[in-house]
Every structure is written in C-alpha cells, then in structure tokens.
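What follows is a single structure, written as structure tokens, with notes after it.
Bear in mind these aren't lab numbers, they're just calculated from the coordinates by the rules spelled out. The shown structure was predicted, so the numbers you read here are calculated from the model rather than taken from an experiment. Neighbour counts are summed over all protein chains in view; Cβ atoms, including those assigned to glycine, are modelled from backbone coordinates with ideal geometry.
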Amino acid sequence: MPALVLLGAQWGDEGKGKATDLLGGSVDYVVRYQGGNNAGHTVVVGDQKYALHLLPSGILSPGCTPVIGNGVVVDPAVLLSELSGLNERGVDTSKLLLSGNAHLITPYNITVDKVTERFLGKRKIGTTGRGIGPTYADKINRVGIRVQDLYDESILMQKVEAALDVKNQLLTKLYNRRAIEAGQVVEELLGYAEQIKGYVADTTLILNKALDDDKVVLFEGGQGTLLDIDHGTYPFVTSSNPTAGGACTGAGVGPTKINRVIGILKAYTTRVGAGPFPTELFDEDGEALRRIGGERGVTTGRDRRCGWFDALIARYATRVNGLTDFFLTKLDVLTGWEQIPVCVAYEIDGKRVEELPYSQSDFHHAKPVYETLPGWSEDITKAKSFSDLPKNAQAYVKALEEMSGAPISAIGVGPGRDETIEINSFLS
Ligand code: IMP
C-alpha cells in the first residue's frame, strides 16, 4: 500500500485540506507535484488555522515528511517566509525535502506575469500574478533556473543572462519597462542558496524507496482538473498538470505505483479568474453560495465565481484522472435551499450534449440543462454517518455519485476537522 493522489476535480478550491485532515497521521510523505505559490490550502490543526500556498500540507503533521517535487515552481523568498512563519508558530519544518530539479520563480518571471496580464487587458487570464506561467514557459523553453543552479555561481550567471536576453528586449521595447540586470538577480538568488541548502535532496530516489518500503505517500495536487494546461479550459488555465498524470512526472514516480486517485468535488461549483463557467450564477443564489461557503481566494483574496453542481465536469474529472473515489465537500453549504438545481447536460447550438465538449467554442456556448433535486433544511453538521443525513441530502449525494462515475467515499458536512462522514476508508 499505498500511493494516493488527491486532486481537485473542478476549478480548484474544492477544500483539499479536509481530505488531508481525514488522512491525518497515517501518511508518511506528502508531496506537491506541480504549481507553486498560486495554490492555497487552508489547514486547521486544533484551534490553529494555517494558510499554505507553497508548502505541502504534511508540513503540519509531526510524523510526516513534506516534499516539494521536481514539477513544482518555487519562489525561494516565499518558501523561506512560509517556513519562518511556521517556525514562529512552533511548527518544526526541518524534515522538508526540496527537489534539486524544481524550477525557481525568479523576480523577472513575476514581472513578466504582471506586465503580460496588463498588456492582455480584456483578454487577460486573471493569473495570481506570482510568476507561475512565465516560470513554466522558461522551463519548456530550456532557459529555466533550477534549485540546483544556486550551487554553481558561474552556471547560475550564464543561465540568468540567457533567460534575460529576450525578456529584456520585450520589457524595454514592447512593454516600455526598465531592463533587468542579471547581476542583481544572481545576487538575490545567491542570498537564498545557503538558507535552502539543507532541504535540497534527490526526492525521486527518496520517494521511490519509500514506496518500496510500503510507506504511505500522498501526492497533493494544487489547483484543479479544469485548470490543467492540457485538460482544462485552455487558455484560462494554470501552466502545469494538476491531473493525476502530473503526479508521476512531477514527482518522478511511475504510474504503476499509484493505487488510489481521489477527486475532491465541491457540492456546487466555483472558479477564480477568467474563463467559461456554464453553471455560473449572477443572482442571489450565487451571492448566497459565496457568502455561506466563504468563497474568497486563500491566495489572492478575490471573490470566487459561484454556480450549481455540474455533473459533466465531475464525469470528465473521473475520466481524465482515472478517479477511484470522490471526496464531496461543503455539502452543508446547500442546507436551506428548497430545490437544488444540478447541471446534467449542456445545450450547445440547440443540441443536448452529455459529455464535456473538447471544443473551446462549444464550451463557451454551452447552456446548462438542469434537473432539480429536493433540498433539506435540517442542520447536517453533526452527521457522523451517511444514514444520519436527511433523506433528501442522501438522495442528493447518491444522484451526484451516479452522475459522476466514481464512488463518493467521504463527505464534508462542516468546516471543522471532524465534520466529515467517512464512507470508505482511503487507506484500506
Ligand atoms: P496562474 O496559476 O497564476 O498562472 O493563474 C492561472 C489561472 O489559474 C487563473 O484563472 C487563476 O485564478 C487560476 N488559479 C491558480 N491557482 C489557483 C488555485 O489554487 N485555485 C483556483 N484557481 C487557481
């Protein structure tokens, strides 16, 4: 047993922290495999609430080794400030492992992210502005800076110069900005080198050995399936692969090692940033979901766009991730609605469609076809088992399960750590 992947089945912010809580002390390694400090996990331990952006949530469990895999992009300043913030609150962070192959988000990547968004104007992606996309672009263009480059000053200088070559032309000639000086960037990066050195490791080797030794390894996806660069609503996506395959490439572990892929699925839908969203609500129901669900970004503080549950998205997540289970979160937020619409199909140019369309234009034109399920008014936050739920809440969960194509193995019924109904154990 077991390597588990835990990932967002919608557009991110599904409440992954809940699932990590449920696995609690049973996990030996928690690995981030993609993304960077664009993610936001809120983890509650005792009466303490932690908002993590870059570090894997395992950093808060004493028995667990947190790992930042090769597929992650790392802003060293953010890494050090998240670590020192945790140290100040008494959290031991000394077990952290950081892949030497992970790419660094440099100051110029952040500048390029911001000026590009400004340049795009109305067509902007609505990025988090943390330099994520430009850093992955440098990686693919083979002008990226990796963690290991911090330990060879002359290589670092050559690489930074190469990376700035074209960027400075763009910055000065197109964006009307000042050129960035390679020497200054190198000096800043070298300032982080010694502080980070103790964490740098061959994480692929360590994780594969751990799996051979039957340790429990949890791969924690950032963002969500529909923000995936290949399988999401391109171009309104992030620049990495939050989908299950990303765990293999982003951590250096073969697909044959993965036993369980758990999709975190909110009982309704939210999205931040720009891009199509067929079930988005612009009325008081959308406002109520936002207010009751506390739908405001952990990383950016932006209000999330809210809408009803979309079964096509859930089915799609099952398909592209090979999901074995769902963890349904925030069911309690729906308490109080007399009727709850669920999107069961789209109408696209007069035709009924039951699978997520691959064509971007079709997705933009998709109109939701709703089926309405009866709601419930009873407080469900104290429910400990499925049978404790009101009949209509049970029927809502069962209907979602049937439409989504994988068993719902756990249900979040409130914000507290123990407000979860476990149906099938993720660790058996
Ligand atoms: P980027 O990842 O900063 O490049 O932003 C690209 C898109 O992904 C934007 O729409 C962001 O709002 C969205 N995004 C990035 N990270 C998250 C996340 O953790 N949750 C939800 N949306 C995210």
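Structure summary
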{"item": "Loop-located trypsin sites (Lys or Arg not before Pro) in segment 84-193 whose Cβ has at most 13 other Cβ within 10 Å (DSSP)", "result": "89, 142, 178"}
{"item": "Label-point separation, residue 80 to residue 44 (7 Å along Cα→Cβ), nm", "result": "3.4 nm"}
{"item": "FRET efficiency for residue 148 and residue 94, using Cβ-Cβ distance with R0 set to 22 Å, rounded to 0.05", "result": "0.60"}
{"item": "Only Lys, Arg (+1) and Asp, Glu (-1) charged, at Cβ; segment 41-172 dipole about Cα centre in debye", "result": "600 debye"}
{"item": "Bridge type composition, the chain - antiparallel percent by DSSP, nearest 5", "result": "40 percent"}
{"item": "DSSP loop chymotrypsin sites (Phe, Trp or Tyr not before Pro) with at most 10 other Cβ within 10 Å: longest gap in the chain", "result": "1-281"}
{"item": "Equivalent ellipsoid semi-axes, segment 103-198, via Cα gyration tensor eigenvalues times 5, rooted, Å", "result": "24, 15, 11"}
{"item": "Reach of residue 215 by Cα under 22 Å, taken over lysines that are not fewer than 8 positions away in the same chain", "result": "16, 18, 95, 257"}
{"item": "Candidate aspartates and glutamates - alpha carbon under 15 Å from residue 351, same-chain residues fewer than 8 apart omitted", "result": "362"}
{"item": "Dipole moment magnitude, nearest 20 debye, the chain about Cα centre, only Lys, Arg, Asp, Glu C-beta charged", "result": "760 debye"}
{"item": "FRET E, pair residue 395, residue 175, Förster distance 51 Å, beta-carbon r, rounded to 0.05", "result": "0.40"}
{"item": "Calculated FRET efficiency for the pair residue 358/residue 119, C-beta based, R₀ 30 Å, to 0.05", "result": "0.55"}
{"item": "In nm, spacing of pseudo-spin labels at residue 379 and residue 51 (7 Å Cα→C-beta vector)", "result": "2.8 nm"}
{"item": "Given charges at Cβ of Lys, Arg, Asp, Glu: the chain dipole, positive-most of 226, 206, 407", "result": "226"}
{"item": "Cα-based reach from residue 167 at 29 Å (exclusive), listing lysines while leaving out same-chain residues under 8 positions away", "result": "114, 122, 124, 139, 159, 197"}
{"item": "Positive dipole terminus of the chain, leading residue within 313, 42, 168 (C-beta point charges)", "result": "168"}
{"item": "Extension gain (nm, one decimal) between residue 339 and residue 140, 0.36 nm per residue minus Cα-Cα", "result": "66.9 nm"}
{"item": "Gained length - residue 365 relative to residue 166, 0.36 nm times residue gap less alpha-carbon distance", "result": "67.9 nm"}
{"item": "Segment 138-269: radius of gyration and largest Cα-Cα distance (Dmax), Å", "result": "19.1, 55"}
{"item": "Most fluctuating residue given options 292, 258, 145, as computed from a GNM of the chain linking Cα atoms under 10 Å", "result": "292"}
{"item": "Fewest-first sequence of 166, 43 by Cβ atoms within 10 Å of each Cβ", "result": "166, 43"}
{"item": "Residue-count net charge about residue 274 - beta-carbon cut-off 15 Å; Lys, Arg +1, Asp, Glu -1", "result": "+4"}
{"item": "Helix-only [θ]222 nm of the chain, DSSP H runs n ≥ 4, -39500 (n - 2.57) each, per residue, nearest 500", "result": "-9500 deg cm²/dmol"}
{"item": "Share antiparallel - DSSP beta bridges, segment 233-347, percent rounded to 5", "result": "40 percent"}
{"item": "Size of charge dipole - segment 333-428 - debye, nearest 20, with Cβ of Lys, Arg +1 and Asp, Glu -1, no other charges", "result": "80 debye"}
{"item": "Normalised contact order of segment 103-198, rounded percent, pairs of Cα under 8 Å and 6 or more residues apart", "result": "26 percent"}
